[in-house]
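Working notes, structure below.
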Amino acid sequence: MKNVLMAFGLALITLTSYSQSTVWSVIEGSEDHTYLEAAISVSGLQDTLEGEGTFTVFAPTDAAFIALAEELGVPVEQLLELPDLTEILMYHVLGDVVLSDELYDLGNTLFNNLLTLLTNNPLYYQSIGNAVVLNGTTNVTTFDIITDNGVVHVIDEVLQPINGTGACNAYFDVAQTVEGNEPVLGSLTVTIYDYNPNAIYTWAFGDEGISNDPFPTWEYATDGPHILCLIIEDNALGCYDTFCQSVSVDSLGMLNGFVSGFTITVVDGGESGSINSVGEIQNTQRPLDNNYYNIMGQRFDNTRDIPFGTIYIFNGKQYIRTEN
């Protein structure tokens, strides 16, 4: 069910009403927005989207709802019964107005960037000319349906969340490069795990640079931060996954902050570790700092959900706790 929730996303639709004054009234007035209109009504988000605010809504069509339901093998109406429907819908909404001229440049250069959704999830977008793709696969087909409280852009499929939710398991750690016991100034090491030679690896460096080498070295010539994204596709497994993270160094060449020019080197971290015992990981968060700890009292650097369990990251190493 969790994967269903994450895959569902928000669906908005080919919009036909341009005379309304709110993003909600535009949706409500569109003949192609019946499923989205119903979802918003069920979730209780109607008051929010017709009230005061500055919203950007990305809107898949009714056909996108139907395609998702067919993919999941459920009636499309059943999507409206998901318990986390409100959060799912919010996944497609920004709290600021972002117009087309902020999403693309009519030049022929490739542009990569991130937006932050109301759920605080990142939304990755890539553009060249006036073509904009969200999270690697979703096309924006109509821009700038402007209302009094925001703007709606039409998209051609339901958005798929990024950052470690897909079966292809795109993920990387970023750390200061160390040789011996000394940090290498102006150099970061990017570590990926569980390399799959049958998959296609695409790195989008955030400065118009792209590489299909799974383990590239890239030199940034400008100040950060840069949005570094890894996209993994495996046709045999039928999976697609994207992970993005901001990278930069400070004036001393260390992590955090800004400097003119630094280098990243991607390395193979081997297979991720595996922990399956309930006793080895404390699965509840301490209330004081809202972090996870192992039985030795060591705090995990990060956690993220995957389709079959949870990944815990400690000192750059992944530990997977499966659901069973």
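The values are calculated or read from the model by the stated rules, or taken from the named source; none is laboratory data. Just so it is clear, the model here is predicted, and its values are computed rather than measured. Positions of Cβ are backbone-derived with ideal geometry, glycine not excepted, and every protein chain shown enters the neighbour counts. Keep in mind that these areas ignore ligands, DNA and RNA; they rest on the heavy atoms of the full protein, side chains included. Shrake-Rupley method; radii C 1.70, N 1.55, O 1.52, S 1.80 Å.
What's the number of the condition E81 fails, among (1) modelled with pLDDT under 85; (2) within 25 Å of A131 (Cβ to Cβ); (3) not β-branched (V, I, T)?
The single condition E81 does not satisfy is (2).
Only one of V267, V190 is surrounded by fewer than 20 Cβ atoms within 10 Å (Cβ to Cβ) and either in a strand (DSSP E or B) or modelled with pLDDT under 75 (or both); which?
Values: V190 fails: surrounded by fewer than 20 Cβ atoms within 10 Å (Cβ to Cβ).
Exactly one of V267, V190 is surrounded by fewer than 20 Cβ atoms within 10 Å (Cβ to Cβ) and either in a strand (DSSP E or B) or modelled with pLDDT under 75 (or both), namely V267.
Give V174, V178 a once-over and let me know the one that is assigned to a strand (DSSP E or B), without any contact (Cβ under 8 Å) to a residue 12 or more places away in the chain and under 16 Å from V267 (Cβ atoms).
Details: V174 fails: without any contact (Cβ under 8 Å) to a residue 12 or more places away in the chain.
V178 is the lone residue from the list that is assigned to a strand (DSSP E or B), without any contact (Cβ under 8 Å) to a residue 12 or more places away in the chain and under 16 Å from V267 (Cβ atoms).
In segment 231-253, which residues are closer than 18 Å to T116 by Cα and either among the basic types (K, R) or modelled with pLDDT of 80 or more (or both)?
Correct list: V247 only.
If you go through segment 152-174 one residue at a time, do you hit one that is modelled with pLDDT of 85 or more and surrounded by fewer than 16 Cβ atoms within 10 Å (Cβ to Cβ)?
So far as segment 152-174 goes, no, none of its residues is modelled with pLDDT of 85 or more and surrounded by fewer than 16 Cβ atoms within 10 Å (Cβ to Cβ).
Scan segment 77-105 residue by residue and report those that are aliphatic (A, V, I, L, M), more than 16 Å from V140 (Cα to Cα) and part of a helix (DSSP H, G or I). Spell out the reasoning first.
Just the residues of segment 77-105 that are aliphatic (A, V, I, L, M), to begin with: 79-80, 82, 85, 88-90, 93-94, 97-99, 103.
Narrowing the set further to residues that are more than 16 Å from V140 (Cα to Cα) leaves 79-80, 82, 85, 88-90.
If the condition is that a residue be aliphatic (A, V, I, L, M), more than 16 Å from V140 (Cα to Cα) and part of a helix (DSSP H, G or I), then L79, L80, L85, I88, L89, M90 are the ones that fit.
Across segment 101-130, what is the total count of residues that are open to solvent by 10 Å² or more (accessible area, probe 1.4 Å) and modelled with pLDDT of 85 or more?
Qualifying residue count for the region: 2.
Suppose we filter E37, E71 for residues that are of a type in the set (D, E, K, R), under 24 Å from the mean Cα position of the chain (by Cα) and part of a helix (DSSP H, G or I); which single one remains? It would help to see each step written out before you state the result.
Details: E37 fails: under 24 Å from the mean Cα position of the chain (by Cα).
Checking each option against the conditions leaves just E71.
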